[in-house]
């Protein structure tokens, strides 16, 4: 199976300057390109500001396809505007490809990374090749998952999974590694149910990018900012007591 891909970032082009779908493989139609553009993150769209900061993102597309993407803060925007260039490589995968990998976007991304096809171009090429999807998902959860469940608390992971499949959007506040926490959440769901849970591990909320599960820093003002975009539940999974960072709180999950 070969996957279509596209790059959304800030470039100067013959058509326009600024953030755009800068490159795509041959099978990305104009209609699909428009859909991917609607999900593309632009300037100042990441919570983290340091060079190399990244976010894994997942959402559905039309025609029973899905997008697994990685957004990276890398280099400078062509305009010289501060804050760094937001660069997103988008991988388009059909349902059968997702099912082959247990409907786990993190496993799909890992397979693409292992093939050497996830890369950040200083100068974005005009055209991109399709990407071979090799391998399949494992039969069980990763070996490290018990550590995440132990730190977060099994009840907290279960509650997060329940919130993710509910009617409302979910904002997560956590001091755990977000990618591992979200993957642990996915393994609380049946494989087909995982395909209905869109998420981002590092992008700010946006009316254009209606992810089901997002994150926010543990800061009340930033949580309110997130909630203005994504009304719904706030789930806290924190292992450190903010009043005493040396004392751990076990299985803390608040839903508001």
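The values are calculated or read from the model by the stated rules, or taken from the named source; none is laboratory data. Quick caveat, the model's predicted, so the values are computed rather than measured. For neighbour counting, all protein chains shown are included, and Cβ atoms are generated from backbone atoms with ideal geometry for every residue, glycine included.
Some observations on this one:
- Matching residues in region 53-74 - criterion: being touching a helix residue (DSSP H, G or I) at 6+ places or on another chain (Cβ under 7 Å) and not in a strand (DSSP E or B): 62, 64
- Residue satisfying all of: in region 234-243; touching a residue at least 40 places away in the same chain (Cβ under 8 Å) and surrounded by fewer than 21 Cβ atoms within 10 Å (Cβ to Cβ); farthest from residue 159 (Cα to Cα) among these: 240
- Residue 11 vs. criteria under 22 Å from residue 196 (Cβ atoms), in a strand (DSSP E or B) and in contact (Cβ under 8 Å) with a residue 40 or more places away in the chain: no
- Hey, residue 168 free of Cβ contacts under 8 Å to residues at least 40 places away in the same chain and either more than 28 Å from residue 221 (Cβ to Cβ) or touching a strand residue (DSSP E or B) at 6+ places or on another chain (Cβ under 9 Å) (or both) or not: no
- Applying the condition of being out of contact with any strand residue (DSSP E or B) (no Cβ under 7 Å at 6 or more places or on another chain) and touching a residue at least 12 places away in the same chain (Cβ under 8 Å) to region 122-142 and asking which residue is farthest from residue 180 (Cα to Cα) yields 122.
- Flag for residue 77 being buried (at least 16 other Cβ atoms within 10 Å of the Cβ), more than 16 Å from the chain's Cα centre (by Cα) and in a loop (DSSP other than H, G, I, E, B): yes
- Among residues of region 101-111, those that are part of a helix (DSSP H, G or I), in contact (Cβ under 8 Å) with a residue 40 or more places away in the chain and either out of contact with any helix residue (DSSP H, G or I) (no Cβ under 7 Å at 6 or more places or on another chain) or surrounded by 21 or more Cβ atoms within 10 Å (Cβ to Cβ) (or both), counted: 3
- Residues located in region 14-30, provided they are in contact (Cβ under 8 Å) with a residue 24 or more places away in the chain, surrounded by fewer than 20 Cβ atoms within 10 Å (Cβ to Cβ) and outside any strand (DSSP E or B): 26, 27
- Members of region 80-95 found to be buried (at least 17 other Cβ atoms within 10 Å of the Cβ) and closer than 20 Å to residue 107 by Cβ, listed by number: 88, 89, 90, 91, 92, 93, 94
- Looking at 176, 203, 238, just one residue is modelled with pLDDT of 90 or more, more than 23 Å from residue 109 (Cβ to Cβ) and touching a strand residue (DSSP E or B) at 6+ places or on another chain (Cβ under 8 Å), and that residue is 238.
- Residue 245 modelled with pLDDT under 90 and part of a strand (DSSP E or B): yes
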